[in-house]
Amino acid sequence: METLRDILDAVARDDLPPPDGRTTVVPQMNERDAGVLAFTAHAVVFVDEDPQWVQDTLAAVPCDALAAPMNPWFLMALLERTGRRAETIDAMLVGSPLPGEPPVPLREITDGDHPRIVYARGRRDDVRAWTAEGGVIVLGRGVGGRLEVSVEIDEDVRHRGLGRALVAAARHLTTEPLWAQVAPGNARSMRAFLAAGYRPVGAEAVLLSVP
């Protein structure tokens, strides 16, 4: 049976699901993460629920079938069914690893109580972080065990290209594809990731466990 990780690994190789208008339903890989991934004319719902319920609910969504998996009507039904919550629909981007040392001086943060590390541990496993002058890079394993990146830039050094430099530097910190989740409305962040060579591959809505 194809797993969520199989799908994500294939997407990272530019082998996207077939654009056949279908929705694939696969189990969650852990209790924390459930949700919906949307690709070109194909969606993936990863949730520990009855696949037939998912398909029947999608068929009842009052919109174009291709849009149904990300339609608010379906997402609300899925949230009610699972008792979870959601924050936003993000663009999914992936960047290939780059050889050599990062072009930005970085120092790994070993303080496990650092605020960015504490926050990231609520959503990712195996979290590591590095600090640069004016910013922080955080890597950790999130949805499907994929390696995800996020950055934080100090307010007084924004608009100087540091965000783009840090997300590019992050590609030198790994030997596997690096994923990013970016809110489409965050144009500044989207431009930084695109300029650093990350490729848009789809959209996602992650359903979070309620504390």
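Rg over Rh for the chain works out to 0.98, both radii taken from alpha-carbon positions and Rh defined as the Kirkwood radius. A 1.4 Å probe run over the protein chains yields, for segment 62-187, 52 Å² of accessible area per residue, whole-number rounding. Couplings for segment 30-43, taken from phi via the Karplus curve 6.51 cos²θ - 1.76 cosθ + 1.60 with θ = phi - 60°, read 7, 5, 5, 10, 9, x, 9, 10, 10, 10, 5, 6, 7, 10 Hz in order; Gly and Pro are left as x.
Spacing of the modelled spin labels on Arg22 and Gln52, each 7 Å from Cα toward Cβ, amounts to 1.8 nm.
Tell me, in nm to one decimal, what length is gained between Glu152 and Asp126 on full extension, where the rule is 0.36 nm per residue of separation less the Cα-Cα distance? Contour length minus Cα-Cα distance gives 7.5 nm.
If each DSSP helix of 4+ residues adds -39,500 (n - 2.57) and the sum is divided by the residues in the chain, what number results at 222 nm, nearest 500 deg cm²/dmol?
So the calculated ellipticity at 222 nm is -7000 deg cm²/dmol.
Expressed as a whole percentage, what fraction of the accessible surface of the chain belongs to carbon and sulfur atoms when a 1.4 Å probe is rolled over the protein heavy atoms? That share works out to 52 percent. With the convex hull constructed from alpha-carbon coordinates only, segment 93-195 shows a mean projected area of 6.4 nm² over all directions. Residue-wise HN-Hα couplings along segment 72-87, as the Karplus relation 6.51 cos²θ - 1.76 cosθ + 1.60 with θ = phi - 60° gives them from phi, are x, 4, 5, 4, 5, 4, 5, 5, 5, 5, 9, x, 9, 10, 9, 10 Hz; Gly and Pro carry x. Of Arg107, Arg32, Arg85, Arg188, the order by accessible heavy-atom surface (1.4 Å probe, DNA, RNA and ligands excluded), from most exposed downward, is Arg107, Arg188, Arg85, Arg32.
Applying the Karplus relation 6.51 cos²θ - 1.76 cosθ + 1.60 with θ = phi - 60° to segment 178-193 yields 3J(HN,Hα) values of 10, 9, 9, 10, 10, 5, x, x, 7, 4, 4, 5, 4, 5, 5, 5 Hz, where x marks Gly and Pro. Built from the Cα atoms of segment 66-134, the convex hull projects on average onto 7.8 nm², one quarter of its surface area.
The values are calculated or read from the model by the stated rules, or taken from the named source; none is laboratory data. Since we're looking at a predicted model, the values are computed, not measured. We place every Cβ from the backbone using ideal geometry, glycine too, and count neighbours over all the protein chains shown. Accessible surface is based on the protein model in full, side chains and every heavy atom, while ligands, DNA and RNA are left aside. Shrake-Rupley method; radii C 1.70, N 1.55, O 1.52, S 1.80 Å.
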